[in-house]
Amino acid sequence: MISVVGFGSLLSERSARETVPGLVNHRLVRVPGFKRIFNKVGIVFISDHGQSSESHEVSSCSTEPCHQTEIIAAQFECPVEEFQHLYEREHRYRWIEVEPVGLDGTAQPKARMCTSSTDLDYRLNKCVTEDEYHHRVGRHYRGMIWRDDILPFPRYLKFCLVSAAAHGDEVLDNFLDSSYLADGTTRIRTYLLEQRPDLIPSSLRQKLLG
């Protein structure tokens, strides 16, 4: 079994099982020293969900080191043969090893977690040929994948918020305050309250808007 940490849509066990149906022990953990950041163009939003490749609202969530924060995420174990499906789902990311701790402070097994990459690294190390890059990215989108000027894809952000809220207020508050726009400085809570309150799911509007 391979241990994995998921921090965005994988907070939802249902979403995780769509890719890894044989996963076990989906639970909450803390990952110190990281923040979430919405800085990766989600190619699937363009290829499968109808978003324009010219839109700025195309980002999905990644992670970056940050000594001042920790993220509450989901950890689970998946069969080795199913990890390949998850690897394919998260193909644009770089995988690293992290040391999660349980919410009660107990050490958890070391786990693999996706983190930010660069376009050059992706082209050199994840796509063997230009034809492969074109198949995976270029036929849908021609710009940079990793950017500091994009905004969350609305439906994806809403799903992440609902997935976090399903685990309780602590997890939702952590998501709102340890997640940032691609600029690296604007918290998702600030973005929602000051710029896009329309993106707050109806089930969370009373809590967030008062």
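The values are calculated or read from the model by the stated rules, or taken from the named source; none is laboratory data. If you're wondering where the values come from, they're calculated on a predicted model, not measured in any experiment. With ideal geometry, Cβ positions are generated from the backbone for all residues, glycine too; neighbour counts draw on all protein chains shown.
Computed quantities for the displayed model
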{"item": "Qualifying residue in the stretch 159-172 (condition: assigned to a loop (DSSP other than H, G, I, E, B), touching a Phe, Trp or Tyr at 6+ places or on another chain (Cβ under 8 Å) and at pLDDT 95 or above)", "result": "no"}
{"item": "Candidate set from the stretch 32-70 (those that are of a type in the set (G, A, S) and without any contact (Cβ under 8 Å) to a residue 40 or more places away in the chain); member that is surrounded by the fewest Cβ atoms within 10 Å (Cβ to Cβ)", "result": "G50"}
{"item": "Within the stretch 1-109, strands (runs of 3 or more DSSP E) holding 2 or more residues that are hydrophobic (A, V, I, L, M, F, W, C), modelled with pLDDT of 95 or more and under 24 Å from V128 (Cα atoms)", "result": "94-98"}
{"item": "Residue count for the stretch 173-210, restricted to those that are small (G, A, S) and either touching a helix residue (DSSP H, G or I) at 6+ places or on another chain (Cβ under 8 Å) or part of a helix (DSSP H, G or I) (or both)", "result": "4"}
{"item": "Hits in the stretch 16-31 (condition: surrounded by fewer than 17 Cβ atoms within 10 Å (Cβ to Cβ) and either touching a strand residue (DSSP E or B) at 6+ places or on another chain (Cβ under 7 Å) or touching a residue at least 12 places away in the same chain (Cβ under 8 Å) (or both))", "result": "P21, G22, V24, N25, R27"}
{"item": "Exclusive hit being within 27 Å of R14 (Cβ to Cβ) and of a type outside the set (V, I, T), set R142, R123, R147, R205", "result": "R205"}
{"item": "Residue match in the stretch 94-112 (condition: in contact with a helix residue (DSSP H, G or I) (Cβ under 9 Å, 6 or more places away or on another chain) and among the hydroxyl-bearing types (S, T, Y))", "result": "no"}
{"item": "Positions within the stretch 154-199 being touching a residue at least 40 places away in the same chain (Cβ under 8 Å), among the hydrophobic types (A, V, I, L, M, F, W, C) and surrounded by fewer than 20 Cβ atoms within 10 Å (Cβ to Cβ), in sequence order", "result": "F159, V162, A166, L199"}
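Rundown of residues vs (1) over 16 Å from the mean Cα position of the chain (by Cα); (2) of a type outside the set (F, W, Y); (3) over 22 Å from R30 (Cβ atoms), yes/no style:
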| site | (1), (2), (3) |
| --- | --- |
| A107 | yes, yes, no |
| Y122 | yes, no, yes |
| Y141 | yes, no, yes |
| I150 | no, yes, yes |
| E170 | yes, yes, no |
| L176 | no, yes, no |
| T186 | yes, yes, yes |
| L192 | yes, yes, yes |
| G210 | yes, yes, yes |
